[in-house]
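Scroll down for the structure; my scribbles are underneath it.
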Amino acid sequence: MQVTQTLAEGLKREFRVTVPAADLDSKVATRLEDLKTKVQINGFRPGKVPLAHLKKVYGRALFGEVLQEIMTEANRRIVEEGEVKLATQPKVSLPEEESEILGVLSGTNDLDYKVELEVMPQIEVGDLKTLKLEKPVAPVTGAEVDEALKQIARQNQAYEDRAEGVAAENGDRVTVDFVGTIDDVAFEGGTAQDIPVDLGSNTFIPGFEEQLVGIKVGETRTVKAPFPPNYQKQELAGKEASFEVTAKSIAAPQERTIDDELATTLGLESLDKLKEAVREQIERQHNEASRGKLKRAMLDALDKIHSFELPPSLVEQEFSMIWDQVGKGIEQSGESEGKSADELKADYHKIAERRVRLGLLLAQIGERADIKVPDEEVSRAILERARQFSGGEQQVWDYYRKNPDAIQEIRAPLFEEKVVDYIAELANVSEKTVTREQLFAEDPETEAAG
């Protein structure tokens, strides 16, 4: 086998691989000899099948195995001898002319094919100790705890049936049956019984709850409401629906006192324990938001001080993934940020480049620091994901156990977070006290780039 490099342009490489016909014939013959002692063919004694007959029956299949072996070996040599890391899997271009293919199969022509690939860039990591980062922090206030307790009380409030003949008011819970139609045709998911509707909660499509204010038990109303343009079921998005709604019961909310009794209904010993649990939860939310802001600031800083060539295929893969999501959003909402498709594509192509650059950079930093993600952490993450599917935990576990690529999707973000922690330890990080509103405020441009 002869491997000759024919192109070295940026991160692109091309090679020509030539395998003499004699070598191909020898490899196939070796496999035929091995097969001769194993197969049983009618009319021949075991081990006595002529090689010519075996070649006629199994030749093409064995040639395919030999070809795969040759391509694997050629790719190995390209990587090891060139001392490169592949950015994408090699693209192999085999002969296409029928006469050339037949010549290779018959053993009269050498095998000659092309390999195209992209290699990883050389990345010089800057001095991480020179990074100056600001981490916003917001202390938990008593007002936040009180508001959270009020929300918990609202979520756990009791309802008491209204007197017969009393109309429903905003805030009441109305239990209804309904049948939905579009253009007088019932649609999937549009019919239900005994559905509680909390008037004013805005949990149903716009206009549905408002039209039930004033309804009485036993009354049937026709409610007309459009599905939002970005509704998750595209076949319903933007369409006007009509619902025949019958009220079966009406209950008024009863104010829930924030006291020890509320705490015990939630499995806690006392109101003080509930307040403690609420404060801890809010602190976790604050810490996650602070870390998120620090991480975005870190990525911005890293992006500014690093510049290197990016593998085009990786950028295009990332852009395709982003644009697929953006395109669906534009299609559903009809909004395009006031820009043409070409302008939007240019913007999101830059975001794709940033993501690829930062991904490669973090990988390089993690490799240099010998950062690993233990299998135990991956297993815990899979278990947490499985718990999100009540009743289907085993199927989720089996899926990840049988799919290495899926496991990598779990491992990759764990690795990234470890690299972020490593960089934060080296960088000069200062804390800045901010309000809760400032802590949770989003920067659309930064969010998109992240």
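The values are calculated or read from the model by the stated rules, or taken from the named source; none is laboratory data. On a predicted model such as this, the values are computed, not experimentally measured, just so you know. A quick note on method: Cβ atoms are made from the backbone with ideal geometry, for glycine too, and the neighbour counts reach across all protein chains shown.
Tabulated data
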quantity: Segment 156-196, residues that are in contact (Cβ under 8 Å) with a residue 40 or more places away in the chain, small (Gly, Ala, Ser) and closer than 20 Å to residue 228 by Cα; calculated: 180, 189, 190
quantity: Which numbered condition residue 129 misses (of (1) in contact with a Leu (Cβ under 6 Å, 6 or more places away or on another chain); (2) over 30 Å from residue 87 (Cα atoms)); calculated: (2)
quantity: Test result for residue 383, out of contact with any helix residue (DSSP H, G or I) (no Cβ under 6 Å at 6 or more places or on another chain), in a helix (DSSP H, G or I) and within 26 Å of residue 295 (Cβ to Cβ); calculated: yes
quantity: Some residue of segment 181-191 being exposed (fewer than 12 other Cβ atoms within 10 Å of the Cβ) and hydrophobic (A, V, I, L, M, F, W, C); calculated: yes
quantity: Any hit, segment 270-280, residues being part of a loop (DSSP other than H, G, I, E, B), surrounded by fewer than 15 Cβ atoms within 10 Å (Cβ to Cβ) and not assigned by TED's automatic domain parsing to the domain that holds residue 174; calculated: yes
quantity: Some residue of segment 112-124 being touching a residue at least 40 places away in the same chain (Cβ under 8 Å), in a loop (DSSP other than H, G, I, E, B), over 30 Å from residue 218 (Cα atoms) and touching a His at 6+ places or on another chain (Cβ under 9 Å); calculated: yes
quantity: Condition met for residue 100 (outside the structural domain of residue 304 (by TED's automatic domain parsing), part of a helix (DSSP H, G or I), on the phi < 0 side of the Ramachandran plot and more than 36 Å from the chain's Cα centre (by Cα)); calculated: yes
quantity: Residue pairs meeting the criteria (Cβ under 9 Å; at least 6 apart or on separate chains; first closer than 13 Å to residue 291 by Cβ, in segment 428-441; second surrounded by 12 or more Cβ atoms within 10 Å (Cβ to Cβ) and among the hydroxyl-bearing types (Ser, Thr, Tyr)); calculated: 431/290; 439/290
quantity: Exclusive hit being at pLDDT 95 or above and at negative phi, set 322, 330, 365; calculated: 365
quantity: Residue match in segment 398-407 (condition: crowded, with 17+ Cβ neighbours inside 10 Å, touching a residue at least 60 places away in the same chain (Cβ under 8 Å) and assigned to a helix (DSSP H, G or I)); calculated: no
quantity: Selection count where residues are in contact (Cβ under 8 Å) with a residue 40 or more places away in the chain and charged (D, E, K, R), scope segment 206-229; calculated: 1
quantity: Unmet criterion (only one of (1) polar (S, T, N, Q); (2) at pLDDT 95 or above; (3) assigned to a helix (DSSP H, G or I)) for residue 394; calculated: (2)
quantity: Positions within segment 54-96 being crowded, with 16+ Cβ neighbours inside 10 Å and of a type in the set (D, E, K, R), in sequence order; calculated: 55
quantity: Candidates 313, 320, 307, filtered to the one that is part of a loop (DSSP other than H, G, I, E, B) and either outside the structural domain of residue 13 (by TED's automatic domain parsing) or more than 21 Å from the chain's Cα centre (by Cα) (or both); calculated: 307
quantity: Residues satisfying the stated conditions in segment 239-268, i.e. assigned to a loop (DSSP other than H, G, I, E, B), without any contact (Cβ under 8 Å) to a residue 24 or more places away in the chain and among the hydrophobic types (A, V, I, L, M, F, W, C); calculated: 268
quantity: Scan of segment 410-424 for residues that are acidic (Asp, Glu) and in contact with a Leu (Cβ under 9 Å, 6 or more places away or on another chain), ordered by number; calculated: 416
quantity: Top-ranked residue of segment 388-432 - restricted to ones that are acidic (Asp, Glu) and closer than 22 Å to residue 362 by Cα, ranked as nearest to the chain's Cα centre (by Cα); calculated: 409
quantity: Top-ranked residue of segment 75-97 - restricted to ones that are under 20 Å from residue 313 (Cβ atoms) and outside any loop (DSSP other than H, G, I, E, B), ranked as modelled with the lowest pLDDT; calculated: 82
quantity: Single match in 302, 199 (criterion: within 39 Å of the chain's Cα centre (by Cα) and touching a residue at least 60 places away in the same chain (Cβ under 8 Å)); calculated: 302
